[in-house]
Amino acid sequence: MNSLVNPPAASHPLTADSRAMIDPFGRAVTYLRVSVTDRCDFRCTYCMAENMTFLPKKDLLTLEELDRLCSTFIAKGVRKLRLTGGEPLVRKNIMFLVRALGRHIEAGRLDELTLTTNGSQLARHAAELYECGVRRINVSLDTLDAEKFRAITRWGDLSKVMEGIEAAQKAGLKIKLNAVALKGFNDHEIPEMLRFAHGRGMDLTVIETMPMGEIDEDRTDQYMPLSELRGRLEETFSLEDIAYKTGGPARYVTVKETGGRLGFITPMTHNFCESCNRVRLTCTGTLYMCLGQNDAADLRTALRASQDDAYLSAAIDEAITRKPKGHDFIIDRNNRPAVARHMSVTGG
Ligand code: SAM
Ligand code: SF4
């Protein structure tokens, strides 16, 4: 890990917004994903082991520090910001950060403030999220069957998530459902989930499992290539490729029979690195320039070394010069994760 320890030289003055973030491959970084906590009230089998060791709370950036870091990224050209985790809505007082970041939406400096959530705490936060400028959220949901839901999340309660979805829609939030496609678990349920989502005005995106972090199961048994899933869906539905984009890696189709949109996120069968516009910040201030690589930059040191954002800005610039061309995910029988950290550290 590389950290910047010397303040920028006086001969090369920097302001927080003096440079757009362009990586060595010419890609502009305009999207920041922030994992606000590595903790979660679920233990999804493909994401976490049941007995996880979480970061000591003292290592976490405060919400004020996270706000300062995010605001520096926004000054440097980030236009879309997603809060994720772990479960973002279990972080204590998280609405303080959402409200603070909402000021950038109001001022027109940020196009979108959004979050990815498991939905368990959504019912009590939905109205306030809307009030703070959030308009769209992603809710992760892998099955509509309460027993299967409990099995895949280990600790989750489907009825709470359903209440959350209802409350969010009532509050005016647009919802996209995300389902990880798991062989033999929910692959046959996707048509039903499609009808459920589209029947309620929600998009659905299916995701391939990625080899991140040690879990208790064998990933080769869980892995479902989406090319195969698409082929199966096409036996029942007419799927039409469309150019629709949300700034993320999903490729979308419209489903003629339901009139809704279905997205495919295929990091394994078809990687999307050439158009990558994002970096990921953890709750300890570590910046990952790629989800699938280990290289990272320590921004906490720069953040705490000086109240001058120019210093932080220079540390971010240095990190962006190290953004790699792409990831090297592969799932094979040796069953070792491509990166040791869990998805809950960098937020998916
Ligand atoms: N707790 C929140 C949630 O579940 O929406 C946010 C964090 S979670 C890590 C973000 C997304 O990553 C979820 O949609 C989850 O299904 C997905 N995910 C977790 N581990 C994954 C893995 N190994 N491969 C693919 N997707 C994964
Ligand atoms: Fe928690 Fe989200 Fe990981 Fe499930 S996928 S264990 S809800 S962080």
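A compact table of results
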{"item": "Residues located in region 138-177, provided they are in a helix (DSSP H, G or I), within 12 Å of ligand 1 (Cβ to nearest atom) and either on the phi > 0 side of the Ramachandran plot or touching a Phe, Trp or Tyr at 6+ places or on another chain (Cβ under 8 Å) (or both)", "result": "ILE152, THR153, VAL161"}
{"item": "Residue satisfying condition, being open to solvent by less than 10 Å² (accessible area, probe 1.4 Å) and either among the acidic types (Asp, Glu) or modelled with pLDDT of 95 or more (or both), within set GLU87, GLU112, GLU131", "result": "GLU87"}
{"item": "Where ALA49 falls short, out of the listed (1) open to solvent by 20 Å² or more (accessible area, probe 1.4 Å); (2) within 16 Å of ligand 1 (Cβ to nearest atom); (3) in contact (Cβ under 8 Å) with a residue 40 or more places away in the chain", "result": "(1)"}
{"item": "Every residue from region 210-246 that is within 16 Å of ligand 1 (Cβ to nearest atom), surrounded by fewer than 21 Cβ atoms within 10 Å (Cβ to Cβ) and under 22 Å from ILE137 (Cβ atoms)", "result": "THR246"}
{"item": "Residue match in region 116-127 (condition: closer than 29 Å to ILE320 by Cα and among the charged types (D, E, K, R))", "result": "no"}
{"item": "Answer residue from region 96-109, given it is open to solvent by 20 Å² or more (accessible area, probe 1.4 Å) and out of contact with any strand residue (DSSP E or B) (no Cβ under 6 Å at 6 or more places or on another chain) and is nearest to ligand 2 (Cβ to nearest atom) among those", "result": "PHE96"}
{"item": "Filtered residue count, region 70-111, keeping only those that are under 14 Å from VAL34 (Cβ atoms) and in contact with a Ser or Thr (Cβ under 9 Å, 6 or more places away or on another chain)", "result": "17"}
{"item": "Members of region 9-40 that are surrounded by 18 or more Cβ atoms within 10 Å (Cβ to Cβ) and at pLDDT below 50", "result": "LEU14, ALA16"}
{"item": "Long-range neighbours under 7 Å by Cβ, at least six apart or interchain, first residue touching a residue at least 40 places away in the same chain (Cβ under 8 Å) within region 63-82, second among the small types (Gly, Ala, Ser) and in a helix (DSSP H, G or I)", "result": "THR72/SER313; LYS76/SER313"}
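The values are calculated or read from the model by the stated rules, or taken from the named source; none is laboratory data. All values derive from a computational prediction rather than experimental measurement. Cβ coordinates were reconstructed from backbone atoms using ideal geometry, including for glycine residues, and neighbour counts include every protein chain displayed. Calculation scope for accessible area: heavy atoms of the full protein, side chains included, ligands and nucleic acids excluded. Shrake-Rupley method; radii C 1.70, N 1.55, O 1.52, S 1.80 Å.
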